[in-house]
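A.B. asks: Questions regarding the structure given below will be posed in turn.
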Amino acid sequence: MNRETDPRSRRKNEHVRHALEQASQTAFSDFDNVHFVHQSIPSVNMEDVDLSTRFGPFALPRPLYINAMTGGSEWTREINGKLAEVAQATGVPMAVGSMHAALKHPELSDSFTIVRTRYPDGIIFANVGADISLDGAKRAVDMLRADALQIHINAPQELIMPEGDRNFKSWRGNIENIVRHVDVPVIIKEVGFGMSRETLQTLKDIGVQYADVSGKGGTNFASIENLRRENKDMAYLSSWGLSTAISLLEAQPFGGDMHILASGGIKTPLDAMKCLALGAKAVGMSRLMLEQVEHHGVEAAIDHVEQFHHQMRKISILIDAKDIEEITSRPLVLSPEVISWQRQRALDK
Ligand SMILES: Cc1cc2nc3c(=O)[nH]c(=O)nc-3n(C[C@H](O)[C@H](O)[C@H](O)COP(=O)(O)O)c2cc1C
């Protein structure tokens, strides 16, 4: 099969194109509803600040990762190659996009394996959908010699997508089976709609230990899929979902038993710091990294990641915290809208 004639390859290119176009729009950010409390007399120096983090078997010198996006077409092979160069230079973990296209058409697999080639010793996450078979999940991990497997859950996207899935009943059992039988950590991730307490409870009940809440506020797949509909008649769902900040509040009861990761709408080092303060072990960025490599190039993207981390350390000083444990214990002030959500949902922070 020619790479670009596979419907999944075409769809992937459309997603990338729309996501890059969305980047210029100002999106709503709930991070502006979460405030740190400034401390005027810090007790730490820049060199004391250590934002290294740990979740499961992963010890990361910096709490950032490049989240799932691409692969499955010629264009996205190039993008994956560039992202892998950024990951290699900065040492951050990197996820690839959904690998179903390559599982079905092995000739597309080099659009994913290029990441392992360019990041030979790095932490790489494979990525599949919740309808994948156990065999497919294992093959995806093997294809990349992946260190973890992401399973994306994306019901709104499927439902708005004209050719999307309409069957969801099997997801729970399928995820449970994969978590039990795959021998790398399995991270269940949203794709920009966030996760509720109920979702996280379900995940916990079926043995999931890693969740990336990937909330609303950045890449918006409700809008992207609506643009791909002939009548564009589902625009009213464009604000569906839970923001990343709200999702992290919903996740508060699970921090002890599960490793909670954050992504979705991370635009600044301050956003990322707020995620850490709300309990995330690491912070993922998709669109920001896509924009960097596509609009500015690999060198600029590497510099961006370095600066991003450096500035997170500066912000740490402003709240007088030297590490993630201290960041998590610093006070946060929430806007009335967030407090209202918190009260109605009986959440604590
Ligand atoms: C172009 C593009 C393609 C994506 N494809 C996938 C995918 O294949 N699998 C997945 O789990 N998430 C995918 N995502 C979702 C991201 O991993 C992430 O959850 C979401 O974009 C929110 O993060 P952001 O606001 O930093 O972009 C994609 C995102 C973008 C921008």
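The values are calculated or read from the model by the stated rules, or taken from the named source; none is laboratory data. Worth saying up front: this structure is predicted, and the values here are computed from it rather than measured. Neighbour counts are summed over all protein chains in view; Cβ atoms, including those assigned to glycine, are modelled from backbone coordinates with ideal geometry. Quick note on the areas: whole protein, heavy atoms, side chains included, nothing else; ligands and nucleic acids left out. Shrake-Rupley method; radii C 1.70, N 1.55, O 1.52, S 1.80 Å.
A.B. asks: Just name the residue that is least open to solvent (accessible area, probe 1.4 Å) out of those in region 47-76 that are within 14 Å of the ligand (Cβ to nearest atom) and in a helix (DSSP H, G or I). Let's see the steps before the verdict.
C.D. replies: Step one: of region 47-76, the residues within 14 Å of the ligand (Cβ to nearest atom) are 64-73, 75-76.
Subsequent filtering for residues that are in a helix (DSSP H, G or I) retains 75-76.
Values: W75: 77, T76: 0 Å².
The qualifying residue least open to solvent (accessible area, probe 1.4 Å) is T76.
A.B. asks: Scanning for something in contact with a Gly (Cβ under 6 Å, 6 or more places away or on another chain) and of a type outside the set (G, A, S), does region 309-324 turn up at least one residue?
C.D. replies: Looking for residues that are in contact with a Gly (Cβ under 6 Å, 6 or more places away or on another chain) and of a type outside the set (G, A, S), one finds none in region 309-324, hence no.
A.B. asks: What are the pairs, 6+ residues apart or on separate chains, where a residue within region 12-38 that is open to solvent by less than 100 Å² (accessible area, probe 1.4 Å) and at pLDDT 90 or above has its Cβ under 8 Å from a residue that is outside any helix (DSSP H, G or I) and among the basic types (K, R)?
C.D. replies: Here the result reads E14/R228; H18/R228; D30/K216; F36/R330; V37/R330, each pair linking region 12-38 to a residue that is outside any helix (DSSP H, G or I) and among the basic types (K, R).
A.B. asks: Let me ask something else. Can you find, within region 37-85, the residue that is farthest from R118 (Cα to Cα) among those that are out of contact with any Asp or Glu (no Cβ under 9 Å at 6 or more places or on another chain) and of a type in the set (K, R)?
C.D. replies: R54
A.B. asks: Could you check V179 against (1) in contact with a Gly (Cβ under 9 Å, 6 or more places away or on another chain); (2) more than 11 Å from the ligand (Cβ to nearest atom); (3) open to solvent by less than 10 Å² (accessible area, probe 1.4 Å) and say which number it fails?
C.D. replies: (3)
A.B. asks: Looking only at region 83-108, count every residue that is in contact (Cβ under 8 Å) with a residue 40 or more places away in the chain, more than 14 Å from G72 (Cα to Cα) and assigned to a loop (DSSP other than H, G, I, E, B) and tell me the total.
C.D. replies: Qualifying residue count, region 83-108: 2.
A.B. asks: Test of understanding: among K322, K314, K274, K281, which residue is open to solvent by 30 Å² or more (accessible area, probe 1.4 Å) and within 20 Å of the chain's Cα centre (by Cα)?
C.D. replies: K281
A.B. asks: Which one of the conditions (1) buried (at least 24 other Cβ atoms within 10 Å of the Cβ); (2) within 13 Å of the chain's Cα centre (by Cα); (3) under 17 Å from D30 (Cα atoms) does K267 fail to meet, given that it meets all the rest?
C.D. replies: (1)
A.B. asks: Return the residue satisfying two criteria in turn: it lies in region 201-212 and is in contact (Cβ under 8 Å) with a residue 60 or more places away in the chain and open to solvent by less than 40 Å² (accessible area, probe 1.4 Å), and of such residues it is farthest from the ligand (Cβ to nearest atom). Even if it seems obvious, please write down each step before you answer.
C.D. replies: Narrowing region 201-212 to residues in contact (Cβ under 8 Å) with a residue 60 or more places away in the chain: 209-210, 212.
Applying the additional criterion that residues be open to solvent by less than 40 Å² (accessible area, probe 1.4 Å) yields 210, 212.
On the way: Y210: 13, D212: 7 Å.
So the residue we want is Y210.
A.B. asks: Ok, one more. Tell me which of these V44 doesn't satisfy, since it passes every other one: (1) open to solvent by less than 70 Å² (accessible area, probe 1.4 Å); (2) hydrophobic (A, V, I, L, M, F, W, C); (3) within 14 Å of the ligand (Cβ to nearest atom).
C.D. replies: The number of the failed condition is (3).
A.B. asks: Separate question: State all residues of region 156-176 that are within 13 Å of the ligand (Cβ to nearest atom) and either among the acidic types (D, E) or under 16 Å from the mean Cα position of the chain (by Cα) (or both); if no residue qualifies, say none.
C.D. replies: The answer is Q157, E158.
A.B. asks: What is the one condition in (1) within 13 Å of the ligand (Cβ to nearest atom); (2) open to solvent by 20 Å² or more (accessible area, probe 1.4 Å); (3) not small (G, A, S) that V96 does not satisfy?
C.D. replies: With (1) within 13 Å of the ligand (Cβ to nearest atom); (2) open to solvent by 20 Å² or more (accessible area, probe 1.4 Å); (3) not small (G, A, S) applied to V96, the lone miss is (2).
A.B. asks: If we only count helices (runs of 4 or more DSSP H) wholly inside region 252-349, which ones have 2 or more residues that are within 16 Å of the ligand (Cβ to nearest atom)?
C.D. replies: Once the helices (runs of 4 or more DSSP H) in region 252-349 are filtered for at least 2 residues that are within 16 Å of the ligand (Cβ to nearest atom), what remains is 269-277, 287-291, 298-318.
A.B. asks: Here is a further query. So is P106 over 28 Å from K267 (Cα atoms), modelled with pLDDT under 95, open to solvent by 10 Å² or more (accessible area, probe 1.4 Å) and of a type outside the set (A, V, I, L, M, F, W, C) or not?
C.D. replies: Details: over 28 Å from K267 (Cα atoms): yes; modelled with pLDDT under 95: no; open to solvent by 10 Å² or more (accessible area, probe 1.4 Å): yes; of a type outside the set (A, V, I, L, M, F, W, C): yes.
No, not satisfied.
A.B. asks: Would you confirm, using the coordinates I've provided, whether T5 is away from the ligand (no atom under 16 Å from the Cβ), at pLDDT 90 or above and open to solvent by less than 90 Å² (accessible area, probe 1.4 Å)?
C.D. replies: Here the answer is no, as T5 does not meet what is asked.
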